[in-house]
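The values are calculated or read from the model by the stated rules, or taken from the named source; none is laboratory data. Note that the structure is a prediction, hence the values are computed from the model and not measured. A quick note on method: Cβ atoms are made from the backbone with ideal geometry, for glycine too, and the neighbour counts reach across all protein chains shown.
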2 protein chains.
Amino acid sequence: PGKFNTKAVKVVKGTIKLGRDDPRRVIHSLKVALALTLVSLLYYWRALFDGFGVAGIWAVLTVVVVFEFTVGATLSKSLNRGFATLLAGALGVGAQHLASLFGEKGEPIVLGIFVFLLAATSTFSRFFPRIKARYDYGVLIFILTFSMVTISGYRVEELLEMAHERLLTIIIGGGTCMIISVFLCPVWAGEDLHKLIASNIEKLANSLEGFGGEYFQTPKNGNCGMVPKNEDSFLQGYKSVLNSKTTEESLANFAAWEPRHGRFKFRHPWKQYLKMGALARQCAYQIETLNGHINSNVQVPPEFLQIIQDSCRTMSIETGKALKALAIAIKTMKEPKHACEHLEKSKTAVKDLKTALKAASLENADILAIVPAAAVASILVEIVKGAEKISKSVH
Amino acid sequence: PGKFNTKAVKVVKGTIKLGRDDPRRVIHSLKVALALTLVSLLYYWRALFDGFGVAGIWAVLTVVVVFEFTVGATLSKSLNRGFATLLAGALGVGAQHLASLFGEKGEPIVLGIFVFLLAATSTFSRFFPRIKARYDYGVLIFILTFSMVTISGYRVEELLEMAHERLLTIIIGGGTCMIISVFLCPVWAGEDLHKLIASNIEKLANSLEGFGGEYFQTPKNGNCGMVPKNEDSFLQGYKSVLNSKTTEESLANFAAWEPRHGRFKFRHPWKQYLKMGALARQCAYQIETLNGHINSNVQVPPEFLQIIQDSCRTMSIETGKALKALAIAIKTMKEPKHACEHLEKSKTAVKDLKTALKAASLENADILAIVPAAAVASILVEIVKGAEKISKSVH
């Protein structure tokens, strides 16, 4: 029982942490529950008074399947579901009518062929990346509705009435979801994407600043720079940027479905965010390589360290500040004023480094020991270039 | 019309390419169509003879929603659907019975509260990463079935009979999917993961080998090494490795649902593949940084190039060969014999480089021009270390 208790405590703590990390999760759960309860009770009462039972199931089903975390995803699924049902319903009625011309024996065969052909082509169309990204769910519903209408249509005489009834319940279900998700504490995919990109750039900035402060500090107590400290968490922040591509793409995709909200217009340039994200990832790859070099822990000869130390520190701290200014500019959607200043400073540092290296002569130096430090300096120069690209893409 | 024609030609070409790139896509589409047609016709005939109409819809629905590209995904969804329906059905009957004790007026209120509580907690549980990864679809079906049973249960007197009927149709639908996906040209997620990891490592190998051959070639015609050539596609192969994390994780997740097949046992260590994948990605980040350095196109002083050229070429080509041997070893699931040889050679090259650098003296050299080359050499040394880690993880 003690073991069970500790496990239970762990689960409870995990749950609380999950809710505290993003309270919108709790709100989302309540919103789904509200939508489902509303639709269920509607169905319950309608069944009570009208005997309008079976079709009401589709309202419940629609709510459960369609309600997603972000507004964009919910709208995308609702609209996909609505239009696919309409289109497939019409096609299904047509196919069923056509099949009935072939007589009682021919009908099931013709219907079977129709279903087979349509299912095969539609399923194949889901492999097209564009359809996969935007209309995957619609195609699924299309196949589903078409086969249900063609097959069940034969038995149920009141086909049109049924279609009307079902479409109505889907509209009720989908509409409830859309209204609740848009008007009750909405979670906008566009805003999430916006924040994600800004926070990713900020994470890079933090890592760079921390890196500059830690490894290229002015030597004191005879302790030379470029010594790895304990693995600080703020230095590791950039790691989550490395694998952010999938999240960014799906958010951008959902954002395209969202109406005007807050500071975002209807056709906000979401693709621009993907470009920024790609550049930020590029930068993160370089920081990752940098990190690998630092942890290899080679003693750099002091005379060489002296040459590169100041400019490397400036490069990494100023680039960090520039990125931070850019992140703030993205967040507030204002012109990044200070970013250019900081970028200029880090570019000057690059020039300083180059002049210092040109002037230096290392007659008796241990070249082997210089190489890793040279690599660090060189990668930093590349990072400055990357930051410049990010800055350009923000404007 | 000309414009329309070119567009149509484009779409047709795209379709053919999609099918040719992976013929299993065409086969998958046919498999889905077959399963759907079988189930539809079954439903059609049963409706004809038994008047067993409405429930048959659930078989069609199950097939459309559950049939996925890989066996693992199909099994995972089918089993999730089956067990969730069973569990939620039982709970729903209990809840409905409990609610009926509250009298005619209290019942809808109590039912509403039940649905609300269950929907809220279940939706929240979908945010747990572990549940999200393996049981997301099951939780969805759980909410769906529970609300449908509690709400509709009140009206339909023959609740148990209906539950029995519906479960039967779901089993027919899910069973058809499972049988067709396992026995008709199966696409195993595990095998795909296996191949993906091997091909990723091979891509890294190709990039490294190409890199060694291109940039560190023995100078001829007075043309010095380290000059970027045109962007060769085989050098760019590693780029797809950078973002493979999501694909790898979902494949590993589906692979865990698959039974024994081919050379893979039931509990094959799929997590090991994720580790290899992570190490390969690490390596790809470094190659990406390397690539950035090479394209910056700085003229390296010949006297320094001479020192590093030979060992750098050996490092990159031999590491490439070692990775290729590892990729083949993964593919054939045999001990990688030649990999160790090649790794040893590249480690010797690292040592050679170090001795050469130690012995070198660069009195009048332009240190600024040396730095990028030094960075390249240093990154290559890190790549060799990375390849060693991959080699260890393969064993």
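Assorted remarks:
- Residues of the stretch A:348-364 satisfying the condition of being at pLDDT 80 or above and surrounded by 12 or more Cβ atoms within 10 Å (Cβ to Cβ): A:T348, A:D352
- Qualifying position, being within 28 Å of B:M148 (Cβ to Cβ), in contact (Cβ under 8 Å) with a residue 24 or more places away in the chain and within 11 Å of another protein chain (Cβ to nearest Cβ), among A:T74, A:T145: A:T145
- In the stretch A:269-281, residue modelled with the lowest pLDDT [restricted to those that are more than 19 Å from A:V381 (Cα to Cα) and crowded, with 19+ Cβ neighbours inside 10 Å]: A:W270
- Just one of the listed residues (A:E388, A:E341) is surrounded by fewer than 23 Cβ atoms within 10 Å (Cβ to Cβ), within 14 Å of another protein chain (Cβ to nearest Cβ), farther than 27 Å from B:L353 by Cβ and at pLDDT 75 or above, namely A:E388.
- Qualifying positions in the stretch B:176-199 - surrounded by fewer than 17 Cβ atoms within 10 Å (Cβ to Cβ) and within 30 Å of B:L41 (Cβ to Cβ): B:I179, B:V182, B:F183, B:L184, B:C185
- Within the stretch A:282-321, if we keep just the residues that are β-branched (V, I, T) and assigned to a helix (DSSP H, G or I), the residue that is modelled with the lowest pLDDT turns out to be A:I294.
- Options A:L323, A:L290, A:L274, A:L279; residue that is within 13 Å of chain B (Cβ to nearest Cβ), closer than 30 Å to A:P186 by Cβ and touching a Ser or Thr at 6+ places or on another chain (Cβ under 9 Å): A:L279
- For the stretch B:293-306, the criterion of being touching a residue at least 60 places away in the same chain (Cβ under 8 Å), within 30 Å of B:A189 (Cα to Cα) and of a type in the set (A, V, I, L, M, F, W, C) is met by none of the residues.
- The condition of being hydrophobic (A, V, I, L, M, F, W, C) and modelled with pLDDT under 85 holds for only one of A:L118, A:L144, A:L167, A:L193, that being A:L167.
- Yes/no for B:L279 being in a helix (DSSP H, G or I) and within 10 Å of the chain's Cα centre (by Cα): no
- Criterion: at pLDDT 75 or above and buried (at least 16 other Cβ atoms within 10 Å of the Cβ) - qualifying residue of A:I379, A:I367: A:I379
- Filter result for B:K31 (within 28 Å of B:A252 (Cβ to Cβ), within 11 Å of another protein chain (Cβ to nearest Cβ) and at pLDDT 85 or above): yes
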